[in-house]
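Some notes on the structure that comes next.
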Amino acid sequence: MSRSIITLTTDFGLKDPYVAEMKAVILSINPDAAIVDITHQIEKFNVRMGAYVLASAAAYFPKGTIHVAVVDPGVGTKRWPILIQTKKAFYIGPDNGVLALAAKNQGIEHIYEIRNRKFMMPKISNTFHGRDIFAPAAAHLSRGAQPADYGPEIRKIVTPKFVDAGQRGDVFVGEVLHVDDFGNIVTNFREEKLEALCVRDAVNVEIGRVRLKLKLCKAYAEVEKHKPLAIIGSHDFLEISINQGNASKTFNVKVGDKVKLCRS
C-alpha cells in the first residue's frame, strides 16, 4: 500500500505562511512526499464545510493516501488529535467531526489518539497543531510508521449530526450539508434514503417554511429554465436545485437548515 500522497484541507487561506509551514515540515521529514492541496479556502471554523469537501475529494484518491484536515476552532483544548485508518486511506486531524464523514464513508478500521511525541515537532505550539502535530504525523506515516505506534486505540470519534440523516416514522429528517457556488442545496440524504421511501419520479421536500414536490431528475435540464428540481449530485447526496438558477437564494436556505423528506 503506497503512502506517498498527503492531502491538505484547511481553513487557513493563502495569504499567511501557515500552509507553507505545514508543507515545509512534511518535506523536511519526507522529501519524496507528494503533497496535494484539496483546498485552503474552507470558511473559517466551518467544520461542516471541511468535512463535506474532504469527503467529496477523498473518494477519488489512490488507496493508501494520507488526508490531513485542519479546521480546528478548538485547537489547544482537550479535544484529541487522531489518526483514523480506513479500508482505503488514513485521516489525520482534530477529533471534532471534520474527519468523520470521509472516514465513515470508507469504513473505519482503527482509530488512534496521536500521543507519541516521536511523531511530532520538538516544540508544540498551543495554536498551530497543523504544523506541530498533524503535519509531522502524516509525514512519518508516509515513510512507513505504523499507525498503532502513534498512541492508544480509541473506539469512537466525534460524529456531528450532519454525518447521518435520521428518521421519525415515515419522515426522514436531515439538514443542509453544503451550498455550492451555483446555489445548489446539498442535503445529507444519500440515495438509499430515497430508495427506503420508494421515491422514483418525485420527492416531497420540506425546508424551513417551504414545501416542495420536486421531480427527481438525472440532469438539471430535465426541467424548464429557472424551475426547481431534485437530483442526486456528483457526490451521491440529494440536491435541491434550480435549472440555471440559485436554489439557496430563491428558497432562502442556508447551511444547517433542517430538511425533511416525506412519502408521496
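Filtering the range 213-264 to residues that are loosely packed, with under 15 Cβ neighbours inside 10 Å, among the hydroxyl-bearing types (Ser, Thr, Tyr) and farther than 16 Å from residue 193 by Cα leaves only 234.
Tell me, which strands (runs of 3 or more DSSP E) lie completely within the range 176-264 with 2 or more residues that are in contact with a Pro (Cβ under 8 Å, 6 or more places away or on another chain) and among the charged types (D, E, K, R)? Per the criteria, no element qualifies. Whenever a residue of the range 64-82 is closer than 13 Å to residue 100 by Cβ, its partners that are of a type in the set (Phe, Trp, Tyr), lying with C-beta atoms within less than 6 angstrom and at least six residues away or across chains, give the pairs 67/91.
Checked across the range 116-126, the condition of being part of a helix (DSSP H, G or I), assigned by TED's automatic domain parsing to the domain that holds residue 66, farther than 17 Å from residue 70 by Cβ and of a type outside the set (A, V, I, L, M) holds for at least one residue. For the range 33-59, the set of residues classified as over 16 Å from residue 176 (Cα atoms) and either in contact with a strand residue (DSSP E or B) (Cβ under 8 Å, 6 or more places away or on another chain) or assigned to a helix (DSSP H, G or I) (or both) consists of 33, 34, 35, 36, 37, 38, 39, 40, 42, 54, 57, 58, listed by residue number.
Does at least one position in the range 61-78 carry a residue that is of a type in the set (A, V, I, L, M), more than 12 Å from the chain's Cα centre (by Cα) and within 23 Å of residue 154 (Cα to Cα)? Within the range 61-78 (the criterion being of a type in the set (A, V, I, L, M), more than 12 Å from the chain's Cα centre (by Cα) and within 23 Å of residue 154 (Cα to Cα)), the answer is yes, since at least one residue qualifies.
Could you count how many residues in the range 147-175 are of a type in the set (Gly, Ala, Ser), in a loop (DSSP other than H, G, I, E, B) and on the phi < 0 side of the Ramachandran plot? I'd like the intermediate steps shown before the answer.
Residues of the range 147-175 of a type in the set (Gly, Ala, Ser): 148, 151, 165-166, 169, 174.
Narrowing the set further to residues that are in a loop (DSSP other than H, G, I, E, B) leaves 151, 165, 169.
In the following step, the residues that additionally are on the phi < 0 side of the Ramachandran plot were identified as 165.
Residues meeting the conditions: 1.
Any residue that is touching a Gly at 6+ places or on another chain (Cβ under 8 Å) and exposed (fewer than 12 other Cβ atoms within 10 Å of the Cβ) - is there at least one of those in the range 150-157? No, because not a single residue in the range 150-157 is touching a Gly at 6+ places or on another chain (Cβ under 8 Å) and exposed (fewer than 12 other Cβ atoms within 10 Å of the Cβ).
For (1) buried (at least 24 other Cβ atoms within 10 Å of the Cβ); (2) among the hydrophobic types (A, V, I, L, M, F, W, C); (3) under 23 Å from residue 149 (Cβ atoms), each residue gets a yes or a no:
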| residue | (1), (2), (3) |
| --- | --- |
| 4 | no, no, yes |
| 27 | no, yes, yes |
| 41 | no, no, no |
| 65 | no, no, yes |
| 73 | no, no, no |
| 77 | no, no, no |
| 82 | yes, yes, yes |
| 85 | no, no, yes |
| 91 | yes, no, yes |
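The lone criterion from (1) surrounded by fewer than 23 Cβ atoms within 10 Å (Cβ to Cβ); (2) at pLDDT 95 or above; (3) in contact with a helix residue (DSSP H, G or I) (Cβ under 9 Å, 6 or more places away or on another chain); (4) not β-branched (Val, Ile, Thr) left unmet by residue 51 is number (1).
The values are calculated or read from the model by the stated rules, or taken from the named source; none is laboratory data. These numbers come from a predicted model, not from an experiment. Cβ coordinates were reconstructed from backbone atoms using ideal geometry, including for glycine residues, and neighbour counts include every protein chain displayed.
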